[in-house]
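Note sheet for the following structure.
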Amino acid sequence: MHRSTKFVPTVIRTQRMCSGNFVFDVETVDDFTEKVVNSPAPVIVDFHADWCGPCRVLGPRLEEKVVGRSGAVVMAKINVDAAGELATDYGITAVPTVMSFKNGERVGMFTGVVDDDQLDDFIDDAINH
C-alpha cells in the first residue's frame, strides 16, 4: 500500500498553527522593538542558526514549553544569519543563546542546551520577575 507524502507537511503546518501568536520570528530591529521591547507579556528570545545542531535540539523544546504557558509568556525566534544586526546589537557570540525580556528590559540569559528543569525555571523567572 502506498502512503501519501502530503500527510507529513500537513502535520508540520498544524503544529506550527497550534503555537498561535505565542511563537513568532523576528528579522529586523523594528520588528524586535515592536514584538519584544513593546510586548505586554514577557518574551523568551531564541537566537539560533539553521546550521546549529544544539539549536535544533533546544528550539522545539523551548517552543513547546512556551506554548504550554498559554500566553503567560511568548517566544521570539531570531535566526542570527538572517538578522545579523540584532545578533551584533545583543552581543551574540554563540548559539543557541536565549534571553528573557520583561517590560522591555533583559531579565535573564543562558547559552547552550539546558535540561527541562532549567528551561522551566528560566521561563518561570521571566514570568514572575
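Kindly evaluate Glu63 against the criterion of being surrounded by 19 or more Cβ atoms within 10 Å (Cβ to Cβ) and of a type in the set (Asp, Glu).
yes
Name, by its number, the condition in (1) in contact with a Ser or Thr (Cβ under 7 Å, 6 or more places away or on another chain); (2) modelled with pLDDT under 95 that does not hold for Thr5.
(1)
Taking region 88-113 as the region of interest, how many residues are in contact with a strand residue (DSSP E or B) (Cβ under 9 Å, 6 or more places away or on another chain) and closer than 20 Å to Asp124 by Cβ?
Selection size over region 88-113: 14.
Looking at (1) touching an Asp or Glu at 6+ places or on another chain (Cβ under 8 Å); (2) without any contact (Cβ under 8 Å) to a residue 24 or more places away in the chain; (3) hydrophobic (A, V, I, L, M, F, W, C), which one does Val98 not meet, given that it meets all the others?
Of the numbered conditions (1) touching an Asp or Glu at 6+ places or on another chain (Cβ under 8 Å); (2) without any contact (Cβ under 8 Å) to a residue 24 or more places away in the chain; (3) hydrophobic (A, V, I, L, M, F, W, C), the odd one out for Val98 is (2).
For region 61-100, give me each residue that is of a type in the set (Lys, Arg) and over 14 Å from Val36 (Cα atoms).
Result: Arg61, Lys65, Arg69.
The values are calculated or read from the model by the stated rules, or taken from the named source; none is laboratory data. This one's a predicted model, so the numbers in the text were calculated from it and none came from an experiment. Neighbour counts are summed over all protein chains in view; Cβ atoms, including those assigned to glycine, are modelled from backbone coordinates with ideal geometry.
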